[in-house]
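Below is one structure, written out as structure tokens, with a few remarks after it.
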Amino acid sequence: MWKGHRVPSRFTAGAERLCRAAAVLFAACCAAAGQTPGNAVSPSNSPRAPAPQFAAFQAELFTRIQAFAYNPAAAGVEACALHRTRLDLALRPAPWISIRVRGEDSRALAFSGGERSRNPGELSLVQMRLNLGGGWAVGAGRQELSFGDERLVGSDSEWGHIGARFDAVRLSWERRGLRIDAFLSSPVVPHARGWDPVASGGSFHGVYAVWSGWNSGAATDAYLLWKKGHTGGPAARRATAGLRHVQPLGNRWGVATELAVQWGEEAMRPVRAWAGHLEAAVTLGGEPAAARLIFEYNLATGDDPATVAIERFDDLYPAGHDAFALPDPVPWSDMQTAGAILEWTAFRKWSFAAGGRSIGRTGGRGGRLLGWQASGFARWEFATGWQLCLSYSRMAAGAAAYYGGARHAFSVGVRRRIAGR
């Protein structure tokens, strides 16, 4: 019903004003509450607060080799070595203030074609957070944003060579199972050399609410997000509204669903798009060899050349890696997938995952099956703080060609973590 209808600019401008007004109203409520650092609740009086400590640090060294075969018959193989060093420092000089600083050095050396990318010596996170009492907190600086299962907004800090970061101001309120976050931000665009500049990725604002006070242990998310510029040109504007619900069913089963709709304007054309996610999971067995079987279905609209409107869903800033620690070539956009994943642990030191999915497109003629993908992952904690990770994936030629992915992908890496106070 959206085909061929142009969206009046007042609707997109109204969505932007709504996001900004919600964030400003949220800040005004905080000020009206009269909370200041002087009358903040001490962590020792709050059962949710961590034990007071002045400083804590964590160091991480992560080295891995990745290989991608795009067209093995034509020797289209790309391999690179990735190394990332992270130093995290968390300071808590007073009960109501915390400061987080991260220094990161990320490098990638391609075995063919010379140096692939390099991001040396960067302070990737410099964030200050004030706990104002009464459930209120405000944070500012270069930081990670992560909501839901990172399908739309994720930091991808675990496997991403350079995780997503935002120059942001974030205001949070939490009380009795309800948490609301409002933020004004600009995504950080990584540069191969030098410091990543401020405000380099357009504008990204939003309000995200989570209600986890259901008696059944369920959780419901509602959100409104606004993106302007960066991808799609400086005049591109998209608003995204959605709902996500996670519902346990007894002791073993659980389901999760998410629905998001988008509207706005891009390249002087209206935007009308939507995406959905449905997941069911069951726990098998118990310790020390627990297993989890997950069934998943995803759908996101794609462009139809016969219509005026842009119907391709924009997945914003998701985590870029899948459950197998490999770059996911299939975005939550112009796609339809159905599959299953089996995750299990063994002897408390080993964890595994194996799965497969069918991949189809929704744009153009729609409903076309492009092929299958099979993936596997293994992780071994062979010593305290040491991990060995292995991944492999194979994708059908049609799907790989359509989404620009690799027919074969392989990764092996070693991670070392050190923590202290």
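Of all residues in the stretch 295-314, those that are under 27 Å from Leu369 (Cβ atoms), in contact with a strand residue (DSSP E or B) (Cβ under 7 Å, 6 or more places away or on another chain) and touching a residue at least 60 places away in the same chain (Cβ under 8 Å) total 9.
Go through the residues of the stretch 364-378 one by one and say whether even a single one is closer than 30 Å to Ala90 by Cβ, in contact (Cβ under 8 Å) with a residue 40 or more places away in the chain and small (Gly, Ala, Ser). For the stretch 364-378, residues closer than 30 Å to Ala90 by Cβ, in contact (Cβ under 8 Å) with a residue 40 or more places away in the chain and small (Gly, Ala, Ser): absent. Of everything in the stretch 397-421 that is charged (D, E, K, R) and surrounded by fewer than 17 Cβ atoms within 10 Å (Cβ to Cβ), the residue that is modelled with the lowest pLDDT is Arg421. Is it the case that the stretch 133-145 has a residue that's modelled with pLDDT under 85 and in a strand (DSSP E or B)? The answer is yes, given that some residue of the stretch 133-145 is modelled with pLDDT under 85 and in a strand (DSSP E or B). Checked against (1) more than 24 Å from Gly339 (Cβ to Cβ); (2) surrounded by 16 or more Cβ atoms within 10 Å (Cβ to Cβ); (3) free of Cβ contacts under 8 Å to residues at least 60 places away in the same chain, Glu279 passes all but a single condition, namely (1). Within the stretch 151-177, if we keep just the residues that are surrounded by fewer than 19 Cβ atoms within 10 Å (Cβ to Cβ) and of a type in the set (D, E, K, R), the residue that is farthest from Arg107 (Cα to Cα) turns out to be Arg176. All told, Ala291 falls short of being surrounded by 21 or more Cβ atoms within 10 Å (Cβ to Cβ), touching a residue at least 40 places away in the same chain (Cβ under 8 Å) and either of a type outside the set (S, T, N, Q) or touching a strand residue (DSSP E or B) at 6+ places or on another chain (Cβ under 6 Å) (or both). Can you pull out every residue in the stretch 398-417 that is small (Gly, Ala, Ser), touching a residue at least 60 places away in the same chain (Cβ under 8 Å) and not in a strand (DSSP E or B)? Matches in the stretch 398-417: Ala399, Ala400, Gly404, Gly405, Ala406. Given the structure, is Trp263 surrounded by fewer than 19 Cβ atoms within 10 Å (Cβ to Cβ), aromatic (Phe, Trp, Tyr) and over 26 Å from Ser172 (Cβ atoms)? In short, no. All of Ala306, Ala338 fail the test of being surrounded by fewer than 20 Cβ atoms within 10 Å (Cβ to Cβ), more than 28 Å from Gly163 (Cβ to Cβ), modelled with pLDDT under 95 and hydrophobic (A, V, I, L, M, F, W, C), apart from Ala306. Among the residues of the stretch 387-394, some residue qualifies, meaning at least one is among the basic types (Lys, Arg) and closer than 30 Å to Arg348 by Cα. Residue by residue through the stretch 83-132, note down the ones that are touching a Phe, Trp or Tyr at 6+ places or on another chain (Cβ under 9 Å), among the aliphatic types (A, V, I, L, M) and at pLDDT below 75. Within the stretch 83-132, just Leu123 meets the criteria.
In the stretch 209-254, how many residues are within 24 Å of Arg292 (Cβ to Cβ), more than 20 Å from the chain's Cα centre (by Cα) and part of a strand (DSSP E or B)? Looking only at that region, the number is 5. Hey, among the residues in the stretch 331-387 that are more than 21 Å from Gly413 (Cβ to Cβ) and of a type in the set (Val, Ile, Thr), which one's farthest from the chain's Cα centre (by Cα)? Taking the candidates together, the pick is Thr362. Scanning the stretch 341-359 for residues that are crowded, with 18+ Cβ neighbours inside 10 Å and aliphatic (A, V, I, L, M) yields Ile341, Ala353, Ile359. Annotation: Ala273 fulfils all but one of (1) closer than 21 Å to Ser393 by Cα; (2) in a strand (DSSP E or B); (3) touching a residue at least 40 places away in the same chain (Cβ under 8 Å); the unmet one is (1).
The values are calculated or read from the model by the stated rules, or taken from the named source; none is laboratory data. This one's a predicted model, so the numbers in the text were calculated from it and none came from an experiment. Ideal geometry is used to build each Cβ from the backbone, glycine not excepted, and the neighbour counts take in all protein chains shown.
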